[in-house]
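Down below is the structure, laid out as structure tokens.
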Amino acid sequence: MEMNEKLMRELKKKLEIEMEKKEIEIIEHWRKELEAIYKKRYENLGSVQIDIKSLMERMTNRASILARMVREGA
């Protein structure tokens with residue numbers, strides 16, 4: 001019984017580490033997307049707003065797809 005608990009703790013720790021690695025990858029991806037907008041030279045505020053809105057829509061769409069996948073997998 002003790003071995004199973006130890007194994008479960010080890011598996012849980014490995015899962016947490018993998019999830020943290022994935023979170024780092026995701027944050028880095030969106031940071032790069034935002035950095036591209038930041039570095040771009042805009043002629044007016046409207047253009048900046050359009051690019052930011054586009055990024056937000058892409059993020060929303062991705063979150064919706066992932067949420068749907070979680071619901072279907074559950």
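The values are calculated or read from the model by the stated rules, or taken from the named source; none is laboratory data. Everything quoted here is computed from the prediction, not taken from an experiment. Every residue, glycine as well, gets a Cβ built from its backbone with ideal geometry; the counts of neighbours run over all protein chains shown.
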Query - Test: L66 is at pLDDT 95 or above, assigned to a helix (DSSP H, G or I), surrounded by 10 or more Cβ atoms within 10 Å (Cβ to Cβ) and aliphatic (A, V, I, L, M) - result: no
Query - Subset of the range 32-58 [among the polar types (S, T, N, Q) and surrounded by 12 or more Cβ atoms within 10 Å (Cβ to Cβ)] - result: S47, S54
